[in-house]
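Trainee: Submitted below is the structure of interest, expressed as structure tokens.
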Amino acid sequence: MSNEIEIGKGKQGRRAYTFDDIAVVPSRRTRTPGDVSVSWQIDAYQVEMPVVAAPMDSVMSPATAIELGRLGGIGVLDLEGLWTRYEDPEPLLAEIATIPSGDVIRRMQELYAAPIVPELITERIREIRAAGVTVAGALTPQRTQEYSDTVLAAGVDLFVIRGTTVSAEHVSNTAEPLNLKRFIYELDVPVIVGGAATYTAALHLMRTGAAGVLVGFGGGAAHTTRTSLGIHAPMATAVADVAAARRDYLDESGGRYVHVIADGSVSRSGDIVKAIACGADAVMLGAALARSTEAPGRGWHWGPEAHHPDLPRGDRVRVGTVGSMEEILHGPGGRPDGTLNMIGALRRAMATTGFSDVKEFQRVEVVLSPYAPR
């Protein structure tokens, strides 16, 4: 059955779905939540819960990356953020939290215009490594070649190449583009790359040798990409499409499994449940962790798109503070809105539908159940 609908006489489009449009349904079996496993493994790294933190200054500092590692996830530090431009960015983070809305984008553009200091990249990575947790750092494709040697020498475990969209076939008439396949082949550490939002784009990224693919485009809480560029990928469909690419690449490569990580529109515990139900192995959390008392954003959330020097495609948004990072992930919960005890909610959803681990839960039945989000 075709999902194509007629937009007009000269244009058709495929119907796509967000996480708000779908729901999972129970099966004939239930389990005890304590018997459910939410762990996953990427390359040689066993991770206790399917959570990777978004490399955003409002979410991740060296201290919060360490805390997330202690709690069983993976923190990814933005290696182009304030932490690698300033020796002490705390006063600047406090300033961003107090700037009037009409002035905040221009002021952030000024703050992020300071040069990246390679020595600070080394210092931040080594600080996280000294805590004994998995170390992950992110660069954009535009700066990967310039700073990758510094990042690798400092000792990352996972290298993240993250942009609004990342393709394996970037074409430029003005600069030598990053050759992802050659770059990944020459590295000694696993690479997670994205975003990608379609079957074809993800399949090409998998063929570069990436260990994981980030799925999403313009769907985060702090994005305005949909209104700025008119581009948006509804996440339920995007994750399911990329999961199909993973399945086909598994056959094509003779058994090489690439992890799918939902990156965008995953703000509450139900979104984690539905992302995995659509085929994700893990989720990348931004706004959900920006609500923690430890978050550098102090109840505000923004991404790198907000301070783009020429075309900002994001904003500083108020997400508030609901509890500690431990309470957000592991509880106890004191709110019924899916912002606390998110991993406990995932366990209960898996137990209620009868599945024992994350890979099994990707096979849960999903139905269309659109509703207006609260």
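Coordinate-derived values only; no laboratory data. This one's a predicted model, so the numbers in the text were calculated from it and none came from an experiment. Quick reminder, even Gly has a Cβ in these numbers, built from the backbone with ideal geometry, and neighbours come from all protein chains shown.
Trainee: Pick from 321, 140, 30: which is most flexible by mean-square fluctuation in a GNM of the chain where alpha carbon atoms under 10 Å apart are linked?
Mentor: The residue with the greatest mean-square fluctuation here is 30.
Trainee: Let me ask something else. For region 4-368, give me the percentage of DSSP beta bridges that are antiparallel, rounded to the nearest 5 percent. List each step's numbers first, then the result.
Mentor: Numbers: 13 of 40 bridges.
Bridges in region 4-368 that DSSP calls antiparallel: roughly 30 percent.
Trainee: Which net charge results when you count Lys and Arg as +1 and Asp and Glu as -1 among the other residues whose beta-carbon is under 12 Å from that of residue 34?
Mentor: Charge balance near residue 34 sits at +2.
Trainee: Filter the trypsin sites (Lys or Arg not before Pro) in region 216-271 down to the DSSP loop ones having no more than 15 other Cβ atoms within 10 Å, then list what survives.
Mentor: For trypsin sites (Lys or Arg not before Pro) across region 216-271 that sit outside H, G, I, E and B with at most 15 neighbouring Cβ atoms in 10 Å, the list reads 256.
Trainee: Could you identify which residue out of 44, 275, 236 has the top mean-square fluctuation in a GNM of the chain using Cα springs shorter than 10 Å?
Mentor: Among 44, 275, 236, the largest mean-square fluctuation in the Gaussian network model of the chain belongs to 44.
Trainee: State the volume of the convex hull built on the alpha-carbon positions of region 302-359, expressed per residue in Å³ and rounded to an integer.
Mentor: Looking at region 302-359, the number lands at 136 Å³ per residue.
Trainee: Over region 4-368, what per residue volume does the convex hull of the Cα atoms give, in whole Å³?
Mentor: Convex hull volume per residue, Cα atoms: 152 Å³.
Trainee: Follow-up. Going by C-beta contacts inside 10 Å, put 11, 181 in order with the fewest on the left.
Mentor: 11, 181
Trainee: Could you work out the relative contact order of region 4-368, using alpha carbon pairs under 8 angstrom and six or more residues apart, expressed as a whole percent?
Mentor: For region 4-368, the relative contact order is 22 percent.
Trainee: Springs between alpha-carbon atoms under 10 Å, Gaussian network over the chain: tell me which of 322, 117, 25 tops the mean-square fluctuations.
Mentor: For the chain, modelled as a Gaussian network with Cα springs under 10 Å, the answer is 25.
Trainee: Which GluC sites (Glu not before Pro) does region 1-105 hold that lie in a coil by DSSP with at most 12 other beta carbons within 10 Å?
Mentor: Counting only loop positions with at most 12 other Cβ atoms within 10 Å, the GluC sites (Glu not before Pro) in region 1-105 are 87.
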